[in-house]
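Just so you know, all these numbers are worked out from the coordinates, no wet-lab data involved. This structure is a prediction, so every number in the text was calculated from the model and none was measured. Here Cβ is always computed from backbone atoms with ideal geometry, including for glycine, and neighbour counts include all displayed protein chains.
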Amino acid sequence: MAMIEIRRMRKAFGSHVVLEDVDLDIERGETHIILGRSGTGKSVLLKIICGLIEPDGGRLVVDGDVKGEVDKKQWRAAMAKVQMLFQGAALFDSMTIEQNVAFHAIEHGEIKRSQASAYAREFLEMVDLADAGGKMPAELSGGMKKRAALARALAARPRIMLYDEPTTGLDPLTCQVINNLIRQTQERLHVTSIVVTHDLRSAQEVGDRCSFLHEGRILETTRPRDLARSEHEIVRTFLEDAVVFT
């Protein structure tokens, strides 16, 4: 059984249809890339999976639990397995980095406040930010904020990680650092990951499989290295444009 199953997923904002009958399976332990042009609903799909946006229709299954068919308590437990790395990192500006990382564990009674520093350090070490725990988010670079946000997500001990444009706005060296962390997270923690990206190099480096979203539907699912041989002209054009602007 797939870790995430999506069937005939639909979402519109007013008269603007964003997703229309999306079918997608995310296998356990894989890193699955979602590619597509801007405005095709990639980020909306992630937010539906993690519960931030309600779909207009369709079926969503997370680790065997079916949305709408299990009780609210069981669905909350299913959603607790999911964490998301937002495009803008979304750290709490008024908290130090270690407070950000330990926030989930404190709020859920998993640790005491006196244990926050040691707890946060464990996850900050995973992203090479062990010495940044006492800093405020405003003191960090864009890449460091992404890494701190990843540490915060991992501190919730997810089974599913969602990444929304994780390398957007970063320099090539920092992009490589983020790519390495995505792959290491999968290998060390055996999480299932979905990565929404425009970065073709990132897709090829971290992805096991790749789906191309176009006009609200999944047009094709394949291995990243096989995209260049796609029978769909829109996919080939997207790849050509990505190479031009890389």
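Brief remarks on what is shown
- Lys, Arg +1 and Asp, Glu -1 on Cβ, resulting dipole of the chain about Cα centre, debye, nearest 20: 520
- Helical runs (DSSP H, four residues minimum) scored at -39500 (n - 2.57) apiece and divided by the length of the chain put the mean residue ellipticity at 222 nm at -11000 deg cm²/dmol.
- Burial ranking of peptide ranges 108-117, 42-51, 13-22, 186-195 (average Cβ count within 10 Å, highest at the top): 42-51, 186-195, 13-22, 108-117
- Between residue 209 and residue 1, the modelled labels are 1.7 nm apart [label points 7 Å from Cα along Cα→Cβ].
- J(HN,Hα) series, the stretch 75-82, from Karplus relation 6.51 cos²θ - 1.76 cosθ + 1.60, nearest Hz, glycine and proline x: 5, 4, 5, 5, 5, 5, 7, 10
- Relative contact order of the stretch 62-165: 41 percent, from C-alpha pairs under 8 Å at least 6 residues apart in sequence.
- Computed from Cα positions, the angle between helix 233-245 and the longest principal axis of the chain comes to roughly 50 degrees.
- Per-residue HN-Hα couplings for the stretch 98-110 [Karplus 6.51, -1.76, 1.60; θ = phi - 60°; Hz; x = Gly/Pro]: 5, 5, 4, 5, 8, 4, 4, 5, 5, 4, 9, x, 7
- With 24 Å as the limit, the listed pairs 67/145; 81/146; 47/67; 42/135; 42/146 have 67/145; 42/135 beyond it between alpha carbons.
- Helix 172-189 and the long axis of the chain differ in direction by around 80°, with both axes built from C-alpha atoms.
- Placing dummy labels 7 Å off each Cα toward the beta-carbon, the span from residue 95 to residue 125 is 2.1 nm.
- Here the label points at residue 190 and residue 38, each 7 Å from Cα along the C-beta direction, are separated by 4.1 nm in the simple model.
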